[in-house]
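For reference, the structure is listed below as structure tokens.
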Amino acid sequence: MKMHAFLLGAMLAAPGRTAPAAVPSPLPAVHSFTSLVISPAGDRVASVESLQSLTSAELLHGPIIIRSVRDGRVLKSIDPCATCSYAGLAWSADGRQLAFLGADGSAGTVRVLLDGDGGVKTLATLAGVANTPRFSPDGRLLAMLATVAAKKKIGALEAGVPQVGDIGAAPDEQRIAIVPIGGGDLSLVTPDDTFIYEYDWTPDSRGFVATAAKGDGDNNWWLAELDAFDLAQGTARQIVGPHYDRYQMAMPRVAPDGKSVTFIGGIMSDFGPLGGEVYEVGLGGGSPSSLTPGFRGSFNALLWRGKQLYATAIIIDHAALVAIDPVKHTVRTLWSDSVTASAAEGDVSLSADGRTGAAVVEDFGHAPKIIAGLLPKMAAITHDNDASTVELDVRSVQWKSGGFDVQGWLIGPGTRPSGKLFPMIVHVHGGPSAAVLPLFGTDYSLYTTVHEWAAHGYYVFMPNPRGSFGQGDAFARANIRDFGGGDFRDIMSGVDAAEKVAPIDDRRLGIHGHSYGGFMVMWAVTHTDRFHTAVAGAGISDWISYYGLNGVDTWMLPFFGASMYDDPLPYRAVSPLESIKRVRTPTLMYTGEYDVEVPAEQSFEFWHGLRDLNVATELHVYPGEGHLIQQSAHIVDLRHRLPEWFDRYLAP
């Protein structure tokens with residue numbers, strides 16, 4: 001413990017470390033569009049707009065802007081709270097009111113706000129956190145997910161609280177809360193011992209369906225069941241019990257006739273990144289059946305419009321909006337493009353008749369914009385970021401590996417001297433149930449943009465190996481009880497595929513990853529000498545000790561088939577510490593002090609082993625951080641630390 005305390009905020013380095021090299025200056029701040037939602041009539045679109053730095057994870061204040069879908073013209077600006085960050089925009093059924101939340105971080109409160117003909121009014125103020133407001137079908141109530149007096153931000157990615165006192169006692173419980181539109185008190189209407197993850201109103205406005213679990217919300221999503229809650233009685237009834245051996249359940253949506261519930265079911269390693277097939281079950285309960293068996297893609301959002309079921313999906317290297325026929329089990333594509341951000345993550349908004357859509361899209365070389373219009377011809381209606389473009393060499397690379405078709409993204413400088421070879425960094429995504437999406441900014445684990453790496457003289461290769469979303473349920477399940485096996489072979493054969501299509505110097509390869517990607521970095525350096533340097537963020541070095549230390553141990557049950565206590569051998573077999581004596585690769589590690597998902601001790605163990613083996617290594621622990629490094633000063637530090645490390649070993 002003394003060593004741990006001493007090292008917080010300090011770097012463990014070999015003598016003679018040079019000063020960090022600067023990352024090339026980023027582009028100016030980009031115009032961001034979040035919480036986008038189209039009006040029921042399809043004539044207006046609302047979103048929270050602000051200037052967003054590519055180097056900061058902090059929430060910035062920005063107004064809610066309502067635009068014309070026809071030409072993008074600003075119709076209205078809403079900004080009633082100068083100290084709040086807005087989110088959770090929701091239109092009333094008649095389109096005359098817009099509900100939203102205003103979170104005041106300094107005060108620790110959330111305002112439930114409603115904009116209508118008479119201006120903005122506050123329906124309620126909550127001490128805690130809240131998200132996902134939704135009007136009841138009859139328009140009389142507004143529901144939301146609320147955590148009163150929350151000890152931390154919701155989610156295992158957020159920084160945990162110090163583990164002192166009675167451990168595990170009185171965890172935060174996120175509950176469904178309601179407030180009358182006409183005025184009245186906010187009421188919590190689900191049990192105080194149950195964490196609600198996602199919910200939907202029943203068509204009669206008398207209750208909800210929700211994914212829920214007793215106890216610690218961070219840890220128990222993988223054991224969640226699908227329940228029905230009666231609004232008047234506050235009672236719960238199970239519709240579908242936990243099926244962690246088959247799938248996790250997400251995005252529950254009640255059919256308009258109130259007779260059935262659809263949801264996304266699949267193998268998922270984190271709550272948030274969703275992917276799977278679409279299932280249906282009767283509201284009274286029963287055995288769910290897949291509406292999309294064998295679909296080569298991963299669904300990540302569902303919505304009903306009238307009698308039609310719509311969904312969004314990642315299909316290999318495209319984002320898509322589709323219509324699903326529950327009777328014929330057919331999928332019809334309405335819109336598809338190789339763009340991402342909210343579109344690929346399921347945030348496509350549809351009008352009440354399903355004919356008009358809106359989404360925020362971006363790619364590696366183009367900053368975000370809102371597209372909207374009649375499907376399938378959505379077109380850009382914002383041009384704030386038109387100047388924020390970067391010339392890049394972007395390729396969607398596909399290759400064969402172990403009987404699978406595998407895909408990944410390869411990004412390099414747009415203009416290159418003839419005959420020159422470039423170093424390449426392999427970036428492995430976290431999860432493992434996730435997918436690399438073409439972001440102009442950064443994902444939660446990259447901390448630098450790919451266009452900055454390209455300007456710095458690197459290619460970046462981001463594979464989607466087996467276990468990733470985008471190619472169907474069988475592909476997503478192909479790494480069960482095989483971490484570091486087939487997925488590692490997919491990555492290595494992907495490096496070969498990248499070298500065949502781009503001017504890459506095989507003598508200057510690096511590897512970087514965070515979370516599961518950090519594990520894969522540790523696994524790589526213990527199983528190959530092909531990489532000349534490595535960076536592991538929040539990596540897992542010993543699955544045995546990890547099982548006992550982390551705050552989300554139930555996620556491993558679907559992937560290992562049993563707990564570590566019941567069957568420890570599979571956990572030990574894929575622990576990098578078991579083969580650490582093979583390491584020769586210089587390795588930098590970083591982690592957060594209060595990481596719930598991957599405790600900092602995992603990085604300490606691997607760093608300790610490399611140091612004893614006289615392998616060049618450094619470890620940096622960021623104070624107060626969780627699984628995500630979010631404080632601006634720490635992100636700036638990482639943005640200097642990463643290129644300095646890679647340059648030290650890969651520069652010409």
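The values are calculated or read from the model by the stated rules, or taken from the named source; none is laboratory data. If you're wondering where the values come from, they're calculated on a predicted model, not measured in any experiment. We place every Cβ from the backbone using ideal geometry, glycine too, and count neighbours over all the protein chains shown. Please note that ligands, DNA and RNA were not included when accessible areas were found on the heavy atoms of the full protein model with its side chains. Shrake-Rupley method; radii C 1.70, N 1.55, O 1.52, S 1.80 Å.
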Practice item. Specify which of the listed residues (Leu75, Leu51, Leu60) is open to solvent by 40 Å² or more (accessible area, probe 1.4 Å), of a type outside the set (Asp, Glu) and in contact with a His (Cβ under 7 Å, 6 or more places away or on another chain). Key: Leu51
Practice item. Please work out which one of (1) in contact with a Gly (Cβ under 8 Å, 6 or more places away or on another chain); (2) part of a loop (DSSP other than H, G, I, E, B); (3) modelled with pLDDT under 95; (4) among the hydrophobic types (A, V, I, L, M, F, W, C) is the condition Ala352 fails and give its number. Key: (3)
Study note, to complete from the structure: Within region 417-430, residues surrounded by fewer than 24 Cβ atoms within 10 Å (Cβ to Cβ) and part of a loop (DSSP other than H, G, I, E, B) come out as Pro417, Ser418, Gly419, Lys420, Leu421
Exercise for review: Determine which single condition Val397 fails, assuming it passes every other condition in (1) open to solvent by less than 20 Å² (accessible area, probe 1.4 Å); (2) of a type outside the set (S, T, N, Q); (3) part of a loop (DSSP other than H, G, I, E, B); (4) modelled with pLDDT of 95 or more.
Suggested key: (3)
**Study point:** strands (runs of 3 or more DSSP E) wholly inside region 39-110 that include at least 3 residues being in contact (Cβ under 8 Å) with a residue 12 or more places away in the chain and in contact with a Ser or Thr (Cβ under 6 Å, 6 or more places away or on another chain)
**Key:** 44-52, 85-91
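Could you please let me know if Asp473 is open to solvent by 30 Å² or more (accessible area, probe 1.4 Å), in contact (Cβ under 8 Å) with a residue 12 or more places away in the chain and more than 19 Å from Phe531 (Cα to Cα)?
Numbers: open to solvent by 30 Å² or more (accessible area, probe 1.4 Å): yes; in contact (Cβ under 8 Å) with a residue 12 or more places away in the chain: yes; more than 19 Å from Phe531 (Cα to Cα): yes.
Yes: the conditions hold for Asp473.
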Check your understanding: Looking at (1) open to solvent by 30 Å² or more (accessible area, probe 1.4 Å); (2) over 19 Å from Ile267 (Cβ atoms), which is the one condition that is false for Ala319?
Key -> (1)
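It is to be established whether one or more residues within region 138-156 are surrounded by 22 or more Cβ atoms within 10 Å (Cβ to Cβ), assigned to a strand (DSSP E or B) and either in contact with a Gly (Cβ under 6 Å, 6 or more places away or on another chain) or modelled with pLDDT under 95 (or both). Before the answer, list the steps.
Let us first name the residues in region 138-156 that are surrounded by 22 or more Cβ atoms within 10 Å (Cβ to Cβ), namely 142-147, 156.
Now drop any that are not assigned to a strand (DSSP E or B), which leaves 142-147.
Checking the rest, the ones that are also either in contact with a Gly (Cβ under 6 Å, 6 or more places away or on another chain) or modelled with pLDDT under 95 (or both) come to 146-147.
Within region 138-156, one or more residues are surrounded by 22 or more Cβ atoms within 10 Å (Cβ to Cβ), assigned to a strand (DSSP E or B) and either in contact with a Gly (Cβ under 6 Å, 6 or more places away or on another chain) or modelled with pLDDT under 95 (or both).
Matching residues to (1) in a strand (DSSP E or B); (2) among the β-branched types (Val, Ile, Thr); (3) at pLDDT below 95; (4) on the phi > 0 side of the Ramachandran plot:
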{"residue": "Arg246", "(1), (2), (3), (4)": "no, no, yes, no"}
{"residue": "Arg253", "(1), (2), (3), (4)": "yes, no, no, no"}
{"residue": "Val281", "(1), (2), (3), (4)": "yes, yes, no, no"}
{"residue": "Thr312", "(1), (2), (3), (4)": "yes, yes, yes, no"}
Exercise for review: Go through the residues of region 258-270 one by one and say whether even a single one is of a type in the set (Phe, Trp, Tyr), at pLDDT 95 or above and open to solvent by 40 Å² or more (accessible area, probe 1.4 Å).
Suggested key: no
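Restricting attention to helices (runs of 4 or more DSSP H) lying wholly within region 547-631, give those where 3 or more residues are open to solvent by 40 Å² or more (accessible area, probe 1.4 Å). Break it down stepwise before answering.
Details: elements: 556-560, 569-573, 601-612.
So the answer is 569-573, 601-612.
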Exercise for review: Please identify the pairs in which a residue from region 378-389 that is among the polar types (S, T, N, Q) has its Cβ atom under 8 Å from the Cβ atom of a residue that is buried (at least 17 other Cβ atoms within 10 Å of the Cβ) and part of a loop (DSSP other than H, G, I, E, B), counting only partners at least 6 apart or on another chain.
Suggested key: Thr382/Gly72; Ser388/Leu27; Ser388/Phe440; Thr389/Gly365
Revision key, fill the gap. Quick count over region 105-143, residues being under 13 Å from Ser92 (Cα atoms) and out of contact with any strand residue (DSSP E or B) (no Cβ under 7 Å at 6 or more places or on another chain), is 4
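Can you find a residue that is open to solvent by 10 Å² or more (accessible area, probe 1.4 Å), over 25 Å from Thr125 (Cα atoms) and touching a residue at least 40 places away in the same chain (Cβ under 8 Å) anywhere in region 181-191?
Looking only at region 181-191, we keep the residues that are open to solvent by 10 Å² or more (accessible area, probe 1.4 Å), and these are 181-189, 191.
Now restrict to residues that are over 25 Å from Thr125 (Cα atoms): none.
Within region 181-191, none of the residues are open to solvent by 10 Å² or more (accessible area, probe 1.4 Å), over 25 Å from Thr125 (Cα atoms) and touching a residue at least 40 places away in the same chain (Cβ under 8 Å).
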Practice item. Give region 220-238 a look and list any residue that's more than 18 Å from Ser205 (Cα to Cα), surrounded by 15 or more Cβ atoms within 10 Å (Cβ to Cβ) and out of contact with any Phe, Trp or Tyr (no Cβ under 8 Å at 6 or more places or on another chain), or say none. Key: Glu225
Point to revise | Test: Asp542 is open to solvent by less than 30 Å² (accessible area, probe 1.4 Å), in contact with a Ser or Thr (Cβ under 6 Å, 6 or more places away or on another chain) and under 30 Å from Val278 (Cβ atoms) | key: no
Exercise for review: Please determine, by comparing only the residues of region 13-42 that are modelled with pLDDT under 95 and among the β-branched types (Val, Ile, Thr), which one is nearest to the chain's Cα centre (by Cα).
Suggested key: Thr34
Check your understanding: Looking at (1) assigned to a strand (DSSP E or B); (2) under 24 Å from Asp347 (Cβ atoms); (3) open to solvent by 10 Å² or more (accessible area, probe 1.4 Å), which is the one condition that is false for Thr442?
Key -> (1)
Study note, to complete from the structure: Per the filter on region 78-96, residues buried (at least 19 other Cβ atoms within 10 Å of the Cβ), under 21 Å from Asp353 (Cβ atoms) and not aliphatic (A, V, I, L, M) are Trp91
Check your understanding: How many residues does region 257-279 hold that are under 16 Å from the mean Cα position of the chain (by Cα) and in a loop (DSSP other than H, G, I, E, B)?
Key -> 9
Revision key, fill the gap. Residues of region 490-539 being open to solvent by less than 10 Å² (accessible area, probe 1.4 Å), assigned to a helix (DSSP H, G or I) and either among the charged types (D, E, K, R) or in contact with an Asp or Glu (Cβ under 7 Å, 6 or more places away or on another chain) (or both), in sequence order, are Asp490
**Study point:** Residue selected from region 400-416 under the condition charged (D, E, K, R) and assigned to a strand (DSSP E or B), by the criterion nearest to Arg508 (Cα to Cα)
**Key:** Lys400
Study note, to complete from the structure: Checked region 476-489 for anything open to solvent by 30 Å² or more (accessible area, probe 1.4 Å), in contact with a strand residue (DSSP E or B) (Cβ under 9 Å, 6 or more places away or on another chain) and part of a loop (DSSP other than H, G, I, E, B); matches are Arg477
Practice item. For region 203-224, state whether one or more residues are at pLDDT 95 or above and of a type in the set (Lys, Arg). Key: yes
Practice item. Please give the number of the condition Phe295 fails out of (1) open to solvent by 30 Å² or more (accessible area, probe 1.4 Å); (2) of a type in the set (A, V, I, L, M, F, W, C); (3) in a strand (DSSP E or B). Key: (3)
